[in-house]
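Contents: one structure, followed by commentary.
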Amino acid sequence: SVQDVIRVTDAVGRTATMTWTVIPPLKIVAPAKEIRRGGTIQFTASGGAAPYKFAINGSAPGASINATTGLLTLSADASATSVLVEMTDANFSKEYITVSVSQPLKISAGRKQILSGGNTRIDIGGGSKPVLSIKTNASGGRIEPSAYAYYVTYYPGDVKSTVKDVLQLKEGNE
C-alpha cells in the first residue's frame, strides 16, 4: 500500500492535512481452476485489507471452505459441478472465483476381445486433459486419436489400454 497526503491552505495561510492509505485492489488467487472429488485447493488473498473471509457463494453440494484459511475441500461423493468462492476483506470489498469440478476419469470400449487385424472404439471421459496410452503392446497395436474417442487396431496378442489423467487419477481395463 501507499499513502497520499492532501493539504489545504486558506487565504490567511492556515493549513490542514489529511492522509489516505491507498491499498491495491483485492484479488483472490488459486493454484488451479479445477478440483477433483476428494481434493482440496488453497486460496490466497492479495491486495485489499486484512483480515479476509472466504465463503462458498450459492449451492455447491459436497463442498466446504475454511472461512479463515481459504482451504476448499470437496468430498469424494460431491455432486457439485462447480464452486463459486467469495472472498471479503476488512473493508467489505468482495472478489469471486469459480472452480470447476473435474468429472471422474472413465474408460470404456465397444468390445473387450478383438480379432487379429480388427479395431474397436475406446471412449474416455472426465478427468483433466486425459491422455490414452498403451500399457503393454504385445500385439503391435496403435492408437488413432479422434478428439476424446480413440480407435485401437489390434494384432495378435493382448493389449491393455490405460488412461492417465493430469490430476493423477487412473483407471484401466486391466
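Brief remarks follow.
- Selected residue (criterion: nearest to Ser100 (Cα to Cα)) from residues of segment 65-79 that are outside any loop (DSSP other than H, G, I, E, B) and among the β-branched types (Val, Ile, Thr): Thr73
- From Thr9, Thr19, Thr15, Thr40, residue being β-branched (Val, Ile, Thr) and touching a Lys or Arg at 6+ places or on another chain (Cβ under 9 Å): Thr15
- The lone exception for Thr68 - which of (1) of a type in the set (S, T, N, Q); (2) open to solvent by 60 Å² or more (accessible area, probe 1.4 Å); (3) under 28 Å from Thr21 (Cβ atoms); (4) modelled with pLDDT under 95 it fails: (4)
- Residues that are over 30 Å from Gly47 (Cα atoms) and open to solvent by less than 50 Å² (accessible area, probe 1.4 Å) within segment 93-112 comprise Leu105, Ile107, Ala109, listed in sequence order.
Each row is one residue, and each column tells you yes or no for (1) of a type outside the set (Val, Ile, Thr); (2) touching a helix residue (DSSP H, G or I) at 6+ places or on another chain (Cβ under 9 Å); (3) not in a strand (DSSP E or B).
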| position | (1), (2), (3) |
| --- | --- |
| Thr19 | no, no, no |
| Pro24 | yes, no, yes |
| Ala50 | yes, no, yes |
| Glu86 | yes, no, no |
| Ser108 | yes, no, no |
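- Filter result for Val22 (open to solvent by 50 Å² or more (accessible area, probe 1.4 Å), more than 13 Å from Val99 (Cβ to Cβ) and modelled with pLDDT of 95 or more): no
- Residue check for Lys27: open to solvent by 60 Å² or more (accessible area, probe 1.4 Å), within 30 Å of Lys129 (Cβ to Cβ) and either modelled with pLDDT under 95 or of a type in the set (D, E, K, R) (or both): yes
- Matching residues in segment 43-61 - criterion: being open to solvent by less than 40 Å² (accessible area, probe 1.4 Å) and either touching a Lys or Arg at 6+ places or on another chain (Cβ under 8 Å) or at pLDDT 95 or above (or both): Phe43, Ala45, Gly47, Gly48, Phe54, Ala55
- Qualifying positions in segment 71-92 - among the polar types (S, T, N, Q), open to solvent by less than 50 Å² (accessible area, probe 1.4 Å) and touching a residue at least 40 places away in the same chain (Cβ under 8 Å): none
- If you check Gly62, Gly48 for being at positive phi and out of contact with any strand residue (DSSP E or B) (no Cβ under 7 Å at 6 or more places or on another chain), only one passes: Gly48.
- Checking the stated criteria, Gly58 turns out not to satisfy the condition of being of a type outside the set (Asp, Glu), assigned to a loop (DSSP other than H, G, I, E, B) and within 22 Å of Gly127 (Cα to Cα).
- Residue check, Ile41 farther than 21 Å from Val99 by Cβ and either part of a strand (DSSP E or B) or not aromatic (Phe, Trp, Tyr) (or both): no
The values are calculated or read from the model by the stated rules, or taken from the named source; none is laboratory data. None of these values were measured; they are calculated from a predicted model. Neighbour counts are summed over all protein chains in view; Cβ atoms, including those assigned to glycine, are modelled from backbone coordinates with ideal geometry. We work out accessible area using only protein heavy atoms, side chains counted, and drop any ligands, DNA or RNA first. Shrake-Rupley method; radii C 1.70, N 1.55, O 1.52, S 1.80 Å.
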